[in-house]
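Step one of this worksheet: look at the structure below.
The values are calculated or read from the model by the stated rules, or taken from the named source; none is laboratory data. Bear in mind that the values here come from a model prediction, so they are computed numbers and not experimental data. Here the Cβ is made from the backbone with ideal geometry for all residues, glycine too, and neighbour counts use every protein chain on show. Quick note on the areas: whole protein, heavy atoms, side chains included, nothing else; ligands and nucleic acids left out. Shrake-Rupley method; radii C 1.70, N 1.55, O 1.52, S 1.80 Å.
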Amino acid sequence: MMKEKKGFFQKFLDIVEKVGNKLPDPFALFVGLAVLMIIVSWIFSLFNASVVHPGKGEVLPIKSLISAEGLQFILTSMLDNFTGFAPLGLVVVMMLGVGLAEKVGMLDYAVRKTILKSPPFLLTYTVVFVGIMGNLASDAAVVLIPPLAALVFYKVGRHPLAGLAAGFAGAGAGFTANLFIAGTDALLAGITTEAARIMDETFIVSPVDNWFFNIASVIVLTIVGGLLTTKFIEPRLGVYKGDAVVDEETEEHPKAKKAFISAVLAGLLYVILIVVTIYLPNSPLTNENGELLPKSPFLSGIIPIILFFFIIIGVTYGMVIGKIKSSKDISHYMSESVKDLSSYIVLVFAIAQFTAYFNWSNLGTWVAVNGAEFLESVNFTGMPLIIGYIIFTSLMNFLITSGSAKWAIEAPIFVPMFMELGYHPAFTQVAYRIADSSTNIVTPLFPYMVIILAFMQRYDKKASIGTYMSLMIPYSLVFLITWIILILVFFYAGIPFGPGIPARM
């Protein structure tokens with residue numbers, strides 16, 4: 001029997017998969033990068049390399065980590081590097097609230113009801129929208145939403161693979177966008193802050209600094225994803241003629257609806273209380289001028305404010321449905337949500353050491369200043385540079401799929417470098433986010449690819465990697481192009497990316 005000849009793209013994917021599989025896991029990768037920093041700092045110090053700090057004007061020598069001073073730093077700073085790493089506290093605190101709402105079943109109920117009760121003419125757009133919003137529940141959305149969307153499409157006589165593709169595109173390629181501040185915002189903002197402090201020790205990037213762009217992204221991607229599904233994906237798939245045997249949705253808890261309404265009302269009362277507090281004379285949440293911008297206790301305390309919101313709605317839902325009967329149950333569900341972060345916490349330990357070595361040795365400043373000077377010398381600046389960076393990161397996603405791990409590698413290099421060119425770190429973060437998210441669904445190393453393939457085969461036993469790619473590539477390319485256009489609109493129209501956050505510093 002003759003072997004089927006592989007096309008160029010299939011061969012390319014095979015190479016990517018082989019190379020990617022040879023990379024170590026993220027923890028080992030960052031341990032290796034930390035060791036590399038130690039060696040590189042020693043080599044640079046042998047040549048007496050130095051750099052002039054653009055803000056302070058002082059000459060900073062490249063300090064060797066293979067020295068008495070370097071060894072002392074490695075040993076004495078290890079715990080502080082870990083516990084003081086900004087993303088760690090932000091993400092853990094966010095998960096205490098969001099995880100509670102997820103564990104008691106509220107987020108799952110909201111997703112199911114939104115899709116199942118959607119009017120037929122809005123179904124496609126609802127699926128994409130819910131997929132995008134699903135990142136509130138982190139990776140759980142990728143497993144929950146696509147099969148549910150496929151089931152709903154199947155029940156209304158539409159091709160189930162179109163529903164599955166739309167749901168997965170929203171949850172995977174649209175992962176970074178949301179109407180609310182999510183765990184992703186806290187995670188990336190923390191890493192960006194650490195990177196920005198290479199150039200400015202007082203700089204802070206808040207989880208709300210990309211909020212306006214994220215809101216616009218949800219609206220635009222929902223429309224684009226819905227149109228792509230109805231105008232291209234479904235016509236290409238044709239009429240579904242399969243004879244699938246699928247599971248019906250699980251039985252709903254009799255008090256689920258009442259619990260959800262109670263939780264929404266409780267959350268609404270909390271939001272009203274916050275708004276009223278903001279408008280009080282001499283409000284404790286506003287700055288000295290009685291405003292929220294540029295800095296205020298409200299923005300500085302946004303993570304605790306969001307934490308309390310999710311705790312309130314999660315506890316209300318859990319109490320009404322009967323899952324929370326005492327304070328022990330609350331701490332139990334919070335503990336369970338933090339358990340899900342165990343691998344992330346281990347990874348952060350390695351990331352924190354790598355970042356600290358990069359900063360202490362002054363290699364971060366050296367790369368930023370010299371990199372910026374080189375880009376200016378070849379006249380590669382402005383939006384062409386940003387678009388080039390977006391394309392670079394989207395290709396990097398084929399080798400390193402973890403968004404936090406990839407940003408932890410890129411941020412210490414590109415954030416300071418772009419700061420030197422005048423770009424706000426939160427703007428650089430936006431460029432990273434859209435590149436990382438849009439190509440998630442087409443990299444062979446994406447861990448959920450196999451799961452989605454299994455869901456596909458429920459409806460089409462012949463579905464393979466080729467079927468998967470033919471459905472996902474259009475979403476990936478269209479989302480990436482749409483996002484690039486959107487960032488250009490924000491940039492040239494001078495629209496802030498978040499409260500008081502321009503593209504340029």
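Here are a few things to note about the model shown:
- Charge context of residue 415, other residues only, Cβ under 15 angstrom, K/R +1, D/E -1: -3
- Extension gain, residue 493 back to residue 179 (0.36 nm per residue minus Cα-Cα distance, nm): 110.9 nm
- In this structure, the pairs whose alpha-carbon distance is over 23 Å, taken from 113/328; 257/323; 258/339, are 113/328; 258/339.
- Available extension along the chain between residue 300 and residue 83 is 76.2 nm, counting 0.36 nm per residue and deducting the alpha carbon span.
- Farthest positive-ward along the chain dipole, Cα basis, beta-carbon charges - from 45, 287, 76: 287
- The distance linking segment 473-499 with segment 252-279 is 33 Å (Cα centroid to Cα centroid, whole angstrom).
- Positive-end ranking of 350, 134, 193 along the dipole of the chain, with charges on Cβ about the Cα centre, is headed by 134.
- Of the solvent-accessible surface of the chain, computed with a 1.4 Å probe over protein heavy atoms with every protein chain present, carbon and sulfur atoms account for 67 percent.
- Those residues of segment 179-205 whose amide nitrogen sits under 14 Å from the label point placed on residue 274, 7 Å along Cα→Cβ: 179-183, 186
- Charging the Cβ of each Asp and Glu at -1 and of each Lys and Arg at +1, and nothing else, the dipole of segment 150-243 about its Cα centre rounds to 720 debye.
- Measuring nothing but alpha carbons in segment 279-428 and taking Rh as the Kirkwood radius, the Rg to Rh ratio lands at 1.10.
- Per residue, in Å², the accessible surface of the chain once ligands and nucleic acids are set aside, probe 1.4 Å: 46 Å²
- Length-normalised contact order of the chain in % [C-alpha pairs under 8 Å, at least 6 apart]: 24 percent
- For segment 107-181, the relative contact order works out to 35 percent when only alpha carbon pairs closer than 8 Å and six or more residues apart are counted.
- Test item: Cα-centred dipole of the chain, Lys/Arg +1 and Asp/Glu -1 on Cβ, debye: 1500 debye
- The helix-only estimate of mean residue ellipticity at 222 nm for the chain, built from DSSP H runs of length n ≥ 4 each weighted as -39500 (n - 2.57), is -21500 deg cm²/dmol after division by the residue total.
- Net charge dipole size for segment 384-497 [Lys, Arg +1 and Asp, Glu -1 on Cβ; Debye, nearest 20]: 420 debye
- Cα gyration tensor, segment 51-186 - rounded (a/c under 1.5), prolate or oblate: prolate
- Cα gyration tensor category, rounded, prolate or oblate, for the chain with a/c compared to 1.5: oblate
- With the simple model of a label 7 Å out from the Cα in the direction of the Cβ, residue 200 to residue 293 spans 1.6 nm.
- Considering only alpha-carbon pairs that sit under 8 angstrom and 6 or more positions apart, the relative contact order computed for segment 68-218 is 25 percent.
- Segment 342-379-segment 78-151 distance, computed between alpha-carbon centres (Å): 31 Å
- Extension gain, residue 340 back to residue 392 (0.36 nm per residue minus Cα-Cα distance, nm): 15.7 nm
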